[in-house]
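The values are calculated or read from the model by the stated rules, or taken from the named source; none is laboratory data. On a predicted model such as this, the values are computed, not experimentally measured, just so you know. Here Cβ is always computed from backbone atoms with ideal geometry, including for glycine, and neighbour counts include all displayed protein chains. SASA here: full protein model, heavy atoms, side chains in, ligands and nucleic acids out. Shrake-Rupley method; radii C 1.70, N 1.55, O 1.52, S 1.80 Å.
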Amino acid sequence: MDSKKPGYMTAWMMIFGHNWLTLLGGVIGGFSTVLMFGLGIMSLTESASSPYLGVVAYMVLPNFLVLGLGFVIIGILWARRRRHKGQPDSQLVIDFNSPNTRRAALTCFIITAFTLFVMAIVTYEGAVYVDSVPFCGKVCHTVMEPEYTAYSLSPHLRVKCVECHVGPGMQGFVESKLAGLKQVAAVALNTCPRPIESPVTTLRPARDTCEHCHWPEKFTGDRLKVITKFQDDETNSPLKTVLLLHIGGGGTGQKGIHSWHISPKHQTYYTPADRKRQSIARVRVVNNDGTEFTFKTPEDKFTPEQLKDAKERRMDCIDCHNRPSHIFKLPATEMDLSMAAGRINPKIPYIKKLGVETLTDAKGGEHDLQQISDKVSAFYNEKYPDFLKENKAMVDSAIAEIQAIYKRNVFPKMNLTWGVHPNNLGHELFPGCFRCHDDSMQSSDGKSVGQDCTICHTVLAWDEADPEILQKLGQQ
Ligand code: HEC
Ligand code: HEC
Ligand code: HEC
Ligand code: HEC
Ligand code: HEC
């Protein structure tokens, strides 16, 4: 009797069907489980947060585990068939009376339980991971660099990409993952458009995204905005514009931007005449009582050819706030902001003019950064050698900031340069509000969409050196 009892290893072989396929599957599965477990633990620590760790742990290794398990199962089935056909290892009978068999079965059970445990964690962590900012923003580094860079400087840095791009719910998750697969393929095959196209036609309506955090009824009142601009003269003299923006609140009955535009009492639909939605051919307002009215541009403004593919769209937050998170600016705006914030010292003669000129010339060429530095240095060497000698550090840090401005707005690898993504919030640099609030757009009874300067804001000061209103408010 005793001599028939299998040794520990033989017992193993018996359970696993005694064939190389199962063995191979076991090794592959075992290796990937242990690796996943290890990487999973590593990715929990902040210091090891390379985005690729997650790709390996949650997207590559699980496939190997499934492959390994597949081999194991096929191997077992294969061995059983051989046994039925009476082939050599058919004598081996699993006998749970043998302690070695029991021990092997217990080990087998523990390994299976551990594998299932790791798989459960990996499935959960994987689902969390594909929704994470590192996955969306850093895995396809070059492609997402512009959006990720701008996002990192935006008020929404703490908001995950998926909260605006995907929205909640299973449908959003599945749709976005399908779209994501297409994008990964496009990146791998290098067929993705550069720059990535905007507007994003697959974006969920703002009701499902923005309004989860920004409750439309909540905005009320006015917002004071002071805009400082520096002139092109030697002293970069600053001028201030002071606006009282009538933001207003949805549904409060107050007058204002949000009061009208996100009021629950009517919906606005518009028909853009171009892909970037920068020219608008028709606006339709539908009131809750069923009445509606339409504003149109003059018949001949757009050719039928231009309007052939035009699709009407329901206006929401994103039609004004189209850059809430990826805010690319223009050279003059960036220079003004950096100078107002003191990152570039306004005492440097002509720095505003020079900065705007060098930035405007740097459109994405190979040596742009070097050229910025060369041009600025050359200017002060030639025109202000004494100033430069005394203020070398001041000029150097201005050069560094001008280069930083370039790096956060121009991304040569993605063909993204100044002004590619217009900002619709305003009307100074891009058409923005004036796409509709333009006297040329009229209803059949001759009414136009208002362009009265006071409906959106009160201009309290306009390009003034020392606005009286700011003194009154006690601001400098
Ligand atoms: C606060 C909301 C918000 C967050 C957070 C956000 N986005 Fe966006 N994103 C938008 C909007 C709005 C657009 C432009 C949509 C439009 O005009 O149709 C956009 C556009 C894009 C585009 C298209 C190109 C472009 O610049 O318009 C890409 C790519 C993109 N986002 C990637 C990301 C990535 C990656 C993250 C996370 C690192 C992220 N977004 C986080 C709101 C957001
Ligand atoms: C997950 C929550 C969340 C979502 C979703 C979200 N936001 Fe925000 N939003 C915030 C937070 C937090 C701030 C920052 C508030 C602050 O800095 O005072 C903010 C700030 C803003 C601001 C003010 C920025 C400024 O310069 O003061 C605007 C405008 C804005 N969001 C628009 C949007 C739009 C449009 C969307 C949808 C595309 C959106 N948000 C989606 C949380 C969110
Ligand atoms: C008709 C255009 C328009 C629409 C539509 C619109 N907004 Fe605004 N919103 C503005 C303007 C203009 C401002 C003021 C911008 C500034 O302060 O520079 C503003 C300001 C804000 C602010 C900052 C508020 C504050 O008190 O500082 C938030 C947050 C915001 N909007 C979110 C939203 C959300 C969410 C939606 C959709 C439900 C929305 N907006 C729809 C034009 C719009
Ligand atoms: C797609 C077209 C469109 C765009 C773009 C648009 N609006 Fe409007 N807006 C309208 C229409 C239509 C009305 C209703 C006009 C009327 O009834 O006279 C309106 C009304 C308003 C009103 C209320 C006017 C009143 O008399 O009370 C304000 C304020 C306003 N818009 C602000 C803005 C701001 C700010 C922007 C840019 C950030 C903007 N709108 C962009 C179409 C638009
Ligand atoms: C439909 C709404 C609307 C109307 C009408 C409107 N504006 Fe504006 N205006 C805005 C918004 C929104 C901004 C941008 C505020 C910001 O910077 O966030 C702005 C900004 C400005 C600025 C500051 C621009 C800058 O960056 O220096 C000036 C000046 C200005 N408007 C003047 C006017 C004058 C003059 C009129 C009348 C012809 C007018 N606006 C009509 C919505 C409007």
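For this structure, a couple of remarks:
- Every residue from the range 398-413 that is closer than 25 Å to CYS320 by Cα and not in a loop (DSSP other than H, G, I, E, B): ILE405, ARG408, ASN409, PHE411
- Within the range 413-428, considering residues that are of a type in the set (A, V, I, L, M, F, W, C) and touching a helix residue (DSSP H, G or I) at 6+ places or on another chain (Cβ under 6 Å), the one most open to solvent (accessible area, probe 1.4 Å): LEU425
- Of all residues in the range 359-396 being in contact (Cβ under 8 Å) with a residue 24 or more places away in the chain and polar (S, T, N, Q), the one that is farthest from PHE328 (Cα to Cα): ASN391
- Every listed requirement among (1) away from ligand 3 (no atom under 16 Å from the Cβ); (2) among the hydrophobic types (A, V, I, L, M, F, W, C); (3) touching a His at 6+ places or on another chain (Cβ under 9 Å) is met by ALA206 save one, (1).
- Scope the range 317-364; condition small (Gly, Ala, Ser) and either outside any loop (DSSP other than H, G, I, E, B) or in contact with a strand residue (DSSP E or B) (Cβ under 8 Å, 6 or more places away or on another chain) (or both); matching residues: ALA332, SER338, ALA340, GLY355, GLY364
- Check on ALA188, more than 16 Å from ligand 5 (Cβ to nearest atom) and closer than 30 Å to SER443 by Cβ: no
- Meets criteria (farther than 26 Å from PHE230 by Cβ, small (Gly, Ala, Ser) and crowded, with 18+ Cβ neighbours inside 10 Å) for SER338: no
- None of GLY38, GLY26, GLY30 is under 17 Å from ALA105 (Cα atoms), modelled with pLDDT of 85 or more, part of a helix (DSSP H, G or I) and within 40 Å of the chain's Cα centre (by Cα) except GLY30.
- The range 202-221: number of residues that are among the acidic types (Asp, Glu) and in contact (Cβ under 8 Å) with a residue 40 or more places away in the chain: 2
- Of residues in the range 145-163 being open to solvent by 50 Å² or more (accessible area, probe 1.4 Å) and assigned to a helix (DSSP H, G or I), the one farthest from ligand 3 (Cβ to nearest atom): GLU145
- Filter result for VAL395 (among the aliphatic types (A, V, I, L, M) and not in a loop (DSSP other than H, G, I, E, B)): yes
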